[in-house]
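Here's the structure, in structure tokens; my notes come after.
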Amino acid sequence: MPNTKLSGNDAANTHEETTSEVNTHESSHLSGNYQNNQAQTKQWQRLSPIAILFFAMSFIQGLFGQLIYIAPALIIGYKQITENPTLWLPIVITLLTVLAISAVLKFYYFQYRLSKNTIEIRAGVFKKSHTNLPFSRIQNVKLEQPIYYRLTGYACLQLDTAGSSKQEVKIAALPLAFAEALKKEILAQHEKHNNEDCSDDKKPLASTLSTHDTNLTSAQQETLLNTRSVKDLIIHGVTSNRIWIFLGASAPFFDNAYAFINEKLSNYGINLAAAFDLNTHSWLEVGLYALTITFLMMFALTLFSILGSVMTFYGYTLSKVGDKYIRRSGLFTKHEVTMRLSRLQMIIQKQDWLDMVLKRINLKFEQSGAKLYGASTQALNNKIMVPSITPEQSLQLINEVYPENNLSTVNFTAISKHFLVRYLAYMLLPLFAFCQSTLLYTAQYELAASLIVPFVFIGFLIVMRWYRWGYASDEHFIYVRKGYVGVDYYCFPIYKVQQTTLKQSIMMEKSQLATTRFILAAGTITIPYLSQNAAYQLLNKTLMQVESSDKSWM
Amino acid sequence: MHSSTFSNQLIDSQTLPDLELLPKQPLSSRYAKTNMVVILVSTILTILVVLAVKYQPFLEIPAHITNLLGFAIWLIAALGFIMIVYRRLADPLKSYALREHDLSYSAGLVFKKTVTQPIVRIQHIELKRGPIERKVGLATIQVFSAGGALETFQIPGLPLAQAQKLREFILRHKGSIEHA
């Protein structure tokens with residue numbers, strides 16, 4: 001629908017800029033497209049009324065967040081509340097009215113406008129805000145279709161920007177096709193921004209119209225790179241802890257669930273407090289109880305994790321259009337994340353110990369600012385992650401994204417054994433000796449003996465840490481391997497580095513060792529305890545490439 | 001394809017810039033002195049406050065708290081002394097270096113650290129001057145990159161004129177800021 005509108009307005013719009021004869025196809029298409037949107041939304045515009053539903057839903061979500069605090073009171077007073085309709089009816093009615101009014105007001109005061117390369121948003125009922133967001137500053141465009149939008153053909157458009165201040169804009173309820181067009185527009189703007197050498201002039205209008213269609217179709221050619229079946233997602237649920245996705249979604253029902261379980265258990269005559277009473281039961285009995293419960297918990301957690309995995313990644317597709325990678329997935333709320341190749345900062349290939357057993361890999365394409373969000377559902381939705389793929393698929397994807405990389409063939413150099421000396425000899429052993437001597441001195445032999453197990457385990461982890469940690473580099477990339485039992489591989493183009501650090505303690509200086517850190521927009525990569533020469537070589541090479549490269553990091 | 005424009009001709013390795021041979025410039029001598037005075041004054045002031053509490057005539061203080069206060073005075077004095085000794089040794093080691101394309105800052109007594117910030121990756125610069133820094137004519141230069149707030153690069157204790165020159169140099173540097 002918007003497409004016809006777009007081309008219809010083409011002729012009406014003339015450009016202020018001077019037109020030149022020599023032009024590329026690309027730029028003419030961009031300018032044409034850009035013109036259209038400008039024509040369509042020069043004026044301040046409201047969203048579709050369906051957005052009221054969205055604002056109402058976010059209000060309810062916010063309310064549920066608050067409800068957790070008063071939930072215990074509600075449960076205790078449950079009976080009283082149900083028996084007194086005069087008490088709760090007004091409250092519910094007031095709440096519903098407030099909900100309706102706030103949603104309508106929010107809708108009424110939310111206005112947007114597209115002007116030259118910029119999206120402007122006015123919002124807020126009491127606290128007014130006016131956001132001015134140039135397309136070139138938008139980091140990430142995300143389309144989201146909540147379940148209640150599925151039938152209406154509308155979508156939420158979320159625009160993220162990178163920067164010290166976190167700035168996010170969410171436009172609820174744009175027609176899906178228009179949102180897609182706008183997204184294309186914003187991404188096209190980047191292309192233009194990045195190809196500054198290319199001719200930026202506009203083509204005469206006639207040819208704009210003629211090339212318009214062909215470019216549009218070529219732009220829509222999507223190549224599918226990867227899909228994930230439900231089986232893959234179940235494997236992913238088992239190997240990765242995706243439980244918090246599920247827990248996050250079901251947080252409002254926690255109290256109910258707890259009350260329900262407690263009730264059921266007591267129906268079967270199980271009293272948790274009594275079962276663990278050491279006065280009435282032997283050590284063995286309690287131990288078995290604990291073991292059973294742990295297994296049950298593990299089973300339930302795994303089940304929840306599988307649910308979480310399916311919820312986020314259902315119908316997973318990773319595809320490519322031009323230099324953009326698009327991830328789509330989601331069972332209830334469909335997420336679409338688009339990333340331009342130039343925005344990619346680092347590839348992470350993760351394999352936990354369970355992944356190693358099952359021969360699966362989690363591949364992550366890290367964009368900048370990912371760490372800003374921390375470990376939240378949001379972060380996962382903003383990242384392009386390919387869950388639980390086979391090593392062959394992973395290799396294929398990595399080579400597709402960075403054809404020049406040698407991650408699979410490169411030889412890793414191990415970090416120095418001094419790493420072990422430091423953590424084992426200077427930290428773990430003295431701590432162990434101290435604990436043991438105090439325990440033996442106070443004659444707690446049993447505890448002293450059982451303490452050996454965790455210390456041996458930590459020691460094992462330190463040794464594995466050292467064994468896994470390695471680095472390599474070639475002409476364009478730095479590779480880092482690390483992990484404990486599982487292995488993670490990090491690979492980043494050298495010119496993406498933002499800042500470098502070299503660290504050396506006096507001890508390390510004596511043994512000619514150093515620790516280097518590479519700060520990227522997607523996070524920091526540390527290589528500890530490598531030889532001083534190698535460290536300086538790596539840093540000199542990095543700085544040289546960063547400073548001589550004219551490529552933009554984003 | 002995406003790094004095909006990059007050329008990498010063979011260069012005589014003797015002429016390559018080396019971080020190891022960075023000529024280091026010391027901070028202003030006023031920086032270490034100011035720190036010393038600040039620590040000394042704040043230690044003495046804290047001790048005076050504790051003393052005032054201990055010997056004030058208005059309130060009766062239980063004996064064990066008076067003992068504790070006596071101990072606190074010694075503790076504060078010791079901490080102040082340690083800090084002065086540490087600063088005395090560590091401050092002169094702080095240095096910075098400006099090359100054509102990057103800015104480095106080195107510091108550390110036991111754990112030595114050199115941070116290098118390529119100028120092309122700088123997003124914005126700030127000169128920060130607290131009341132004490134203003135009094136003694138010093139400035140701290142802060143440089144932000146996309147590496148995040150935790151990785152903010154900063155050089156303290158620069159004479160104001162020098163800090164301003166540094167900022168000018170970075171702003172005029174070809175290729176910086178415009179990427180941001």
Quiz prompt | Residue check for residue B:49: at pLDDT 95 or above and on the phi < 0 side of the Ramachandran plot | solution = no
Exercise. Look at residue B:143 and say whether it is surrounded by 18 or more Cβ atoms within 10 Å (Cβ to Cβ), outside any helix (DSSP H, G or I) and within 12 Å of chain A (Cβ to nearest Cβ).
Key: yes
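Yes/no matrix, rows are residues, columns are (1) loosely packed, with under 15 Cβ neighbours inside 10 Å; (2) among the charged types (D, E, K, R); (3) under 30 Å from residue A:542 (Cβ atoms):
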{"residue": "B:62", "(1), (2), (3)": "yes, no, no"}
{"residue": "B:74", "(1), (2), (3)": "yes, no, no"}
{"residue": "B:79", "(1), (2), (3)": "yes, no, no"}
{"residue": "B:97", "(1), (2), (3)": "no, no, yes"}
{"residue": "B:112", "(1), (2), (3)": "no, yes, yes"}
{"residue": "B:128", "(1), (2), (3)": "yes, yes, yes"}
{"residue": "B:158", "(1), (2), (3)": "no, no, yes"}
{"residue": "B:171", "(1), (2), (3)": "yes, no, yes"}
Exercise. Examine region A:282-291 for a residue that is more than 23 Å from the chain's Cα centre (by Cα) and part of a loop (DSSP other than H, G, I, E, B), and state whether such a residue exists.
Key: yes
Quiz item: Residues in region A:132-144: is at least one assigned to a helix (DSSP H, G or I) and either β-branched (Val, Ile, Thr) or more than 14 Å from chain B (Cβ to nearest Cβ) (or both)?
Solution: yes
Exercise. Could you check, for region B:53-60, whether at least one of its residues is basic (Lys, Arg), in a helix (DSSP H, G or I) and closer than 30 Å to residue B:135 by Cβ?
Key: no
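Is it the case that some residue within region B:158-172 is assigned to a strand (DSSP E or B) and more than 8 Å from chain A (Cβ to nearest Cβ)?
Within region B:158-172 (the criterion being assigned to a strand (DSSP E or B) and more than 8 Å from chain A (Cβ to nearest Cβ)), the answer is yes, since at least one residue qualifies.
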Self-check item: Entirely in region B:100-140, the strands (runs of 3 or more DSSP E) that have 3 or more residues that are free of Cβ contacts under 8 Å to residues at least 24 places away in the same chain and within 11 Å of chain A (Cβ to nearest Cβ)
Solution: B:111-118
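Okay, residues lined up against (1) over 22 Å from residue A:411 (Cα atoms); (2) out of contact with any Ser or Thr (no Cβ under 6 Å at 6 or more places or on another chain):
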position: A:489; (1), (2): no, yes
position: A:495; (1), (2): no, no
position: A:513; (1), (2): no, no
position: A:523; (1), (2): yes, yes
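Return yes or no: is residue B:85 over 30 Å from residue B:22 (Cβ atoms) and in a helix (DSSP H, G or I)?
Against the criterion (over 30 Å from residue B:22 (Cβ atoms) and in a helix (DSSP H, G or I)), residue B:85 does not qualify.
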Exercise. Would you check if there is a residue in region B:53-63 being more than 14 Å from chain A (Cβ to nearest Cβ) and either among the acidic types (Asp, Glu) or in contact (Cβ under 8 Å) with a residue 24 or more places away in the chain (or both)?
Key: yes
Quiz item: Residues that are over 19 Å from residue B:110 (Cβ atoms) and either within 12 Å of chain B (Cβ to nearest Cβ) or of a type in the set (A, V, I, L, M, F, W, C) (or both): which strands (runs of 3 or more DSSP E) entirely in region A:469-552 hold 3 or more of them?
Solution: A:477-482, A:487-493, A:513-520, A:523-531
Practice problem: Go through (1) assigned to a helix (DSSP H, G or I); (2) modelled with pLDDT under 80; (3) not acidic (Asp, Glu) one by one and return the number of the condition residue A:296 breaks. | Solution: (2)
Practice problem: Could you please tell me which pairs satisfy a Cβ distance under 6 Å, a separation of 6+ or placement on different chains, a first residue in region A:314-333 that is surrounded by fewer than 19 Cβ atoms within 10 Å (Cβ to Cβ), and a second residue that is assigned to a loop (DSSP other than H, G, I, E, B) and of a type in the set (D, E, K, R)? | Solution: A:319/A:222; A:321/A:222
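Results for (1) under 30 Å from residue A:232 (Cα atoms); (2) among the aromatic types (Phe, Trp, Tyr); (3) touching a residue at least 60 places away in the same chain (Cβ under 8 Å); (4) part of a loop (DSSP other than H, G, I, E, B), shown as yes or no for each residue.
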{"position": "A:399", "(1), (2), (3), (4)": "yes, no, no, no"}
{"position": "A:406", "(1), (2), (3), (4)": "yes, no, yes, yes"}
{"position": "A:437", "(1), (2), (3), (4)": "no, no, no, no"}
{"position": "A:446", "(1), (2), (3), (4)": "no, no, no, no"}
{"position": "A:460", "(1), (2), (3), (4)": "no, yes, no, no"}
{"position": "A:465", "(1), (2), (3), (4)": "yes, no, no, no"}
Quiz prompt | Positions within region A:37-91 being at pLDDT 80 or above and part of a loop (DSSP other than H, G, I, E, B), in sequence order | solution = A:44, A:47, A:48, A:49, A:50
Quiz prompt | Matching residues in region B:18-32 - criterion: being in a helix (DSSP H, G or I), surrounded by 13 or more Cβ atoms within 10 Å (Cβ to Cβ), more than 14 Å from chain A (Cβ to nearest Cβ) and out of contact with any Asp or Glu (no Cβ under 6 Å at 6 or more places or on another chain) | solution = B:30, B:31
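The values are calculated or read from the model by the stated rules, or taken from the named source; none is laboratory data. All values derive from a computational prediction rather than experimental measurement. Positions of Cβ are generated from backbone atoms using ideal geometry, with glycine treated the same way; all protein chains shown enter the neighbour counts.
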